[in-house]
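Below you'll find the structure, written out as structure tokens, and then a few comments.
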Amino acid sequence: MPANASTPITLTARALLLDMDGTIVNSDAVVERCWRQWAAEQDLDADAVMKVVHGRQGYATMAVLLPDRPMELNHADNRRMLAAETADVDGVVPVPGAPAFMTALADLPHALVTSADRALATARMGAAGLPMPEVRVTAESVGASKPDPEGFLKGAAALGFAPADCVVFEDSEAGITAGKAAGMRVVGVGPRAAAHAPDVHVMDLEQIRVTAGPDGGIVLSFLEH
């Protein structure tokens, strides 16, 4: 449902689970540079590659693009790409509204659930000037990449809440699919999210207001742009 419908939209939750890239951090410039370079090395069409890279861990994206390629090569390339992405923060900025959004969450239950590893998450959150959530589920924490729901389920468990009490914030098809598979409601953020049927869609985080509910819960109000 779009956030600019005539009837104001609100969601209530006990905890929020936040993807990073494309959701609270805009790292598209780095992602484009690194993945277009990899596509050239593999003699793949870069535009086609860019359509599937978002949301998954790198090795999982490579497996989608090159299904017959040995996984050990994908993991090796993934390690190399993570190092390159961690070293390159040129153009990494917060998604509009992210600083105020994260400030509003400071004393409320929330976790980062990202396909990035710890080093990359730390580099990008720092470059964007955003506080790192105390609870975070990174690539090292899971055995399966999004669209598998493992990361979101681990995030909910770490915060001590049932999946149905959590709201996921995501920008990609893989992430939205993972959130739904975890049994959670999903707020889609940004232009990529609109096509994948999130429960609510916003163009950026300036459309969201976060307040504490009277019972200790979280109230999300979605505003018109």
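The values are calculated or read from the model by the stated rules, or taken from the named source; none is laboratory data. What you are looking at is a predicted structure, and each value in this text was computed from that prediction instead of being measured. Every residue, glycine among them, receives a Cβ derived from its backbone with ideal geometry; neighbour counts consider all protein chains shown. To get the accessible areas, we keep the full protein, side chains included, count just its heavy atoms, and leave off ligands, DNA and RNA. Shrake-Rupley method; radii C 1.70, N 1.55, O 1.52, S 1.80 Å.
Selection of the range 37-58 for residues being closer than 26 Å to Leu130 by Cβ and either polar (S, T, N, Q) or not in a loop (DSSP other than H, G, I, E, B) (or both) yields Met50, Gln57, Gly58. With respect to Gly160, determine if the residue is closer than 17 Å to Ala15 by Cβ, surrounded by 18 or more Cβ atoms within 10 Å (Cβ to Cβ) and among the small types (Gly, Ala, Ser). No; evaluated as a whole, the condition is false for this residue.
The set of residues from the range 146-190 being part of a loop (DSSP other than H, G, I, E, B) and more than 14 Å from Asp21 (Cβ to Cβ) comprises Pro147, Asp148, Pro149, Gly160, Phe161, Ala162, Ala182, Gly183, Met184. Scanning the range 198-225 for residues that are among the aliphatic types (A, V, I, L, M), touching a helix residue (DSSP H, G or I) at 6+ places or on another chain (Cβ under 8 Å) and either at pLDDT below 95 or open to solvent by 60 Å² or more (accessible area, probe 1.4 Å) (or both) yields a total of 1.
Quick one: would you say Thr211 is out of contact with any Leu (no Cβ under 7 Å at 6 or more places or on another chain), part of a helix (DSSP H, G or I) and β-branched (Val, Ile, Thr)? If you could, list the steps in order and put the result at the bottom.
Values: out of contact with any Leu (no Cβ under 7 Å at 6 or more places or on another chain): yes; part of a helix (DSSP H, G or I): no; β-branched (Val, Ile, Thr): yes.
When the stated conditions are applied, Thr211 does not pass them.
Check the range 111-118 and report whether any residue there is hydroxyl-bearing (Ser, Thr, Tyr) and closer than 23 Å to Arg192 by Cα. Within the range 111-118, one or more residues are hydroxyl-bearing (Ser, Thr, Tyr) and closer than 23 Å to Arg192 by Cα. The set of residues in the range 45-57 that are crowded, with 16+ Cβ neighbours inside 10 Å and either touching a residue at least 40 places away in the same chain (Cβ under 8 Å) or farther than 16 Å from Lys146 by Cα (or both) comprises Val49, His54, Gly55, Arg56, Gln57.
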